[in-house]
Amino acid sequence: MIRGVRARLTTTIVALVVLTAGVLGIGSYLFVDSSLHRQALEDANQQARFDLSVLAPSRLEPEPTHEKILELGSSFRFRNLDTIIDDGTGDPVTTPASLAGTKLPADVVRLVDQGQIAYAWLPIGGRPSLVVGGRSGGTGPAIYFIRNVTTLEATLDQLRLALGVGALVLALLAIVAARFLARSVLAPVEAAARAAERIERGDLSARVPVTSNDEFGTWADRFNRMAEALDDTIGRLEAAQDQNRRFVADVSHELRTPVSALVAEASILRDHLDDLPQAARRAGELIVEDIARLRTLVEELMELSRFDAESEEVQSRPVDLGRLIGDVVAARYRDAVVELPDDRVVIESDPRRLERILANLLGNAREHAPGALVVVRLRANADQVAITVADRGPGVPADRLGRIFDRFFMADPSRRGGSGLGLAIAREHAELLGGRLRARNRDGGGLAIELILPVTGSLHGGDAAETLETEGEGR
């Protein structure tokens with residue numbers, strides 16, 4: 001299969017040129033071949049009619065002798081005509097003698113016996129010949145004139161060679177011209193492809209040069225207009241996004257001081273809840289909880305604003321993942337079951353961010369699967385490690401599973417407590433570490449969120465490769 005518009009266009013042009021040259025060449029050759037053979041046949045026919053109707057009867061008696069036939073053959077030979085004369089009484093008389101034993105076509109012999117003039121093209125004595133035969137005076141001996149047509153066939157051979165060489169030269173010229181034409185025609189397309197590649201890489205200033213007033217020029221102009229509109233739209237979107245990020249950062253910063261004051265006041269209120277009347281105590285508890293949620297929300301917004309400002313840096317060092325998982329589980333979710341491989345798994349990463357990711361995943365499991373079994377599983381191979389936090393809660397509807405890492409998204413909006421930012425923050429940390437998060441619903445119910453990290457350091461002990469998705473037994 002020919003790939004690429006340039007190759008297909010070149011092939012099409014060359015094929016059309018070769019096809020046209022072939023049709024014209026073959027047609028010309030057939031026309032010349034037919035004309036030369038027809039002319040040679042007409043000349044031979046006219047000469048044969050004269051010799052058969054005039055010359056031969058004047059030399060032969062009604063019952064010619066063998067000597068008269070030899071004289072007639074010699075006279076024909078004097079005129080450079082090779083003949084075979086058959087009077088039906090014996091072996092034919094051949095002039096020259098080398099024609100003895102020549103086998104003539106049966107159809108020619110039959111037509112001559114019927115008194116007609118017949119002809120045939122056939123090789124005689126190793127050379128192309130034209131045989132024209134008839135009876136002397138219509139009833140006399142059968143005379144076959146053999147004409148040497150080597151010159152005619154040589155002329156046709158030269159014509160075939162000239163046409164073949166001409167077709168080959170024309171094909172080579174067609175290839176050169178077609179490639180030049182295809183390159184010229186497709187130059188605007190290639191320029192547009194380069195411009196599109198630059199736009200894909202973020203260079204929105206890329207444009208296609210308008211070099212003509214034809215359809216390609218119109219297309220290039222419209223492409224440039226589209227690029228300008230795209231540049232303007234993306235510019236406005238980036239400006240709006242920057243404005244939103246600054247707004248979030250400014251609001252978070254401005255809320256920090258009053259929220260800190262509210263937290264301090266809430267701590268005082270919490271210490272005196274028992275002194276409040278029963279009716280006011282519940283309201284005081286709700287105020288304390290809401291202030292705690294507000295504090296968490298402000299801290300999470302501040303953290304996201306740092307990601308948006310690209311001010312976060314990774315502080316990598318060797319991390320024993322088994323120990324880190326155990327410490328986070330002990331601090332955040334003591335009831336979780338930890339499954340670790342038999343050997344230690346040590347990688348180069350940022351332990352603070354790993355702790356933040358695991359804490360958010362465990363917090364998500366605790367919030368959406370309260371009381372259910374939660375398993376934290378570590379698997380590793382030579383290329384990457386995977387830490388899975390799996391619960392046996394209600395899971396997430398399939399149409400919402402792909403959005404659980406979006407900011408402020410809640411799989412169950414009716415649930416009170418979370419801000420919808422925990423998994424989004426975990427994803428930001430994972431991407432900063434060069435990894436990724438993915439979620440899936442478990443068979444039998446529940447949700448499994450997997451953190452996959454590349455291995456940037458040697459695995460201790462050369463652990464054997466395992467399938468990351470395997471949910472085998474662990475310790």
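Taking the solvent-accessible surface of protein heavy atoms with a 1.4 Å probe, what is the per residue accessible area of the chain in Å²?
Details: 27970 Å² over 475 residues.
Accessible area per residue, the chain: 59 Å².
Please compute the net charge surrounding Glu312, taking Lys and Arg as +1 and Asp and Glu as -1 over other residues with Cβ under 12 Å from its Cβ.
Working: positive: Arg306, Arg352, Arg353, Arg356; negative: Glu303, Asp308, Glu310, Glu313, Asp350, Glu428, Glu431.
Summing Lys and Arg as +1 and Asp and Glu as -1 gives -3.
Short version: ³J(HN,Hα) in whole Hz for each residue of the stretch 436-444, in order, from phi by Karplus 6.51 cos²θ - 1.76 cosθ + 1.60 (θ = phi - 60°), x for Gly and Pro, what are they?
These are the phi-based 3J(HN,Hα) values: 7, 10, 9, 10, 8, 7, 8, 5, x Hz.
In the chain, if the dipole is taken from +1 on Lys/Arg beta carbons and -1 on Asp/Glu beta carbons about the Cα centre, which of Ala398, Met410, Thr211 is farthest to the positive end?
Thr211
One-quarter of the Cα convex hull surface for the stretch 30-118, in nm²? Each step should come with its number before you reach the end.
Details: hull surface 27.4 nm².
Average of the hull's projected areas for the stretch 30-118 equals 6.8 nm².
Tell me, in nm to one decimal, what length is gained between Arg344 and Arg282 on full extension, where the rule is 0.36 nm per residue of separation less the Cα-Cα distance? Please list the in-between numbers first.
Working: separation 62, 0.36 × 62 = 22.32 nm, distance 4.90 nm.
That works out to 17.4 nm of additional length.
May I ask for the equivalent-ellipsoid semi-axes of the stretch 31-182, computed as the square root of five times each C-alpha gyration tensor eigenvalue and listed largest first in whole Å? Walk me through the intermediate numbers first.
On the way: eigenvalues 383, 39, 31 Å².
Working from the Cα gyration tensor, I get semi-axes of 44, 14, 12 Å.
For Gln116, enumerate residues with amide H under 5 Å from its amide H, sequence gap 5+ or separate chain, H modeled in the peptide plane.
none
With a ≥ b ≥ c the root eigenvalues of the C-alpha gyration tensor of the stretch 228-344, is it rounded (a/c under 1.5), prolate (a/b larger than b/c) or oblate?
Numbers: a/c = 2.94, a/b = 1.14, b/c = 2.58.
It comes out oblate by the Cα gyration axes.
How many percent of all Cα-Cα pairs in the stretch 117-182 sit more than 15 Å apart? List each step's numbers first, then the result.
On the way: 1479 of 2145 pairs.
It works out to 69 percent of all Cα pairs.
Roughly speaking, to the nearest percent, how much of the stretch 289-397's 1.4 Å accessible area is carbon and sulfur? Please list the in-between numbers first.
Numbers: 2340 of 5170 Å².
C and S atoms contribute 45 percent here.
For the chain, with only Lys/Arg (+1) and Asp/Glu (-1) charged at the beta-carbon, what is the dipole magnitude about the Cα centre, in debye rounded to 20?
Values: 56 positive and 68 negative charges, 133 e Å.
I would put it at about 640 debye.
Report which label in (1) 33.5; (2) 22.4; (3) 23.3 holds the value of Kirkwood radius over Cα pairs in Å derived from the coordinates of this structure.
(1)
Quote the relative contact order of the stretch 28-167 in percent (integer), defining contacts as alpha-carbon pairs under 8 Å separated by 6+ residues.
Values: 179 pairs, mean separation 34.1, N = 140.
This gives 24 percent for the stretch 28-167.
Taking R0 as 22 Å, what FRET efficiency do you get between Phe409 and Arg293 from their Cβ-Cβ distance, rounded to the nearest 0.05?
Details: r = 17 Å, r/R0 = 0.78.
It comes to 0.80.
Is there a quick way to get the dipole size of the stretch 1-124? I mean about its Cα centre, with the Cβ of Lys and Arg at +1 and of Asp and Glu at -1; what is the value in debye to the nearest 20?
Details: 11 positive and 14 negative charges, 258 e Å.
Charge dipole of the stretch 1-124: 1240 debye, to the nearest 20.
Per residue of the stretch 45-54, what does 6.51 cos²θ - 1.76 cosθ + 1.60 with θ = phi - 60° give for ³J(HN,Hα)? Whole Hz please, x for Gly and Pro, Karplus curve as stated.
5, 4, 5, 5, 4, 5, 5, 6, 9, 10
Rounded to the nearest 0.05, what FRET efficiency do Thr65 and Val32 have when you use their Cβ-Cβ distance and R0 = 41 Å? Kindly include the intermediate steps, with their values, before the conclusion.
Details: r = 46 Å, r/R0 = 1.12.
Taking R0 as 41 Å, the efficiency between Thr65 and Val32 is 0.35.
The values are calculated or read from the model by the stated rules, or taken from the named source; none is laboratory data. Quantities reported herein were computed from a predicted structural model and do not represent experimental measurements. All Cβ positions, even for glycine, are placed from backbone atoms using ideal geometry, and neighbour counts span all protein chains on display. Just so you know, the surface numbers come from the protein's heavy atoms only, side chains and all, with ligands and any DNA or RNA stripped out. Shrake-Rupley method; radii C 1.70, N 1.55, O 1.52, S 1.80 Å.
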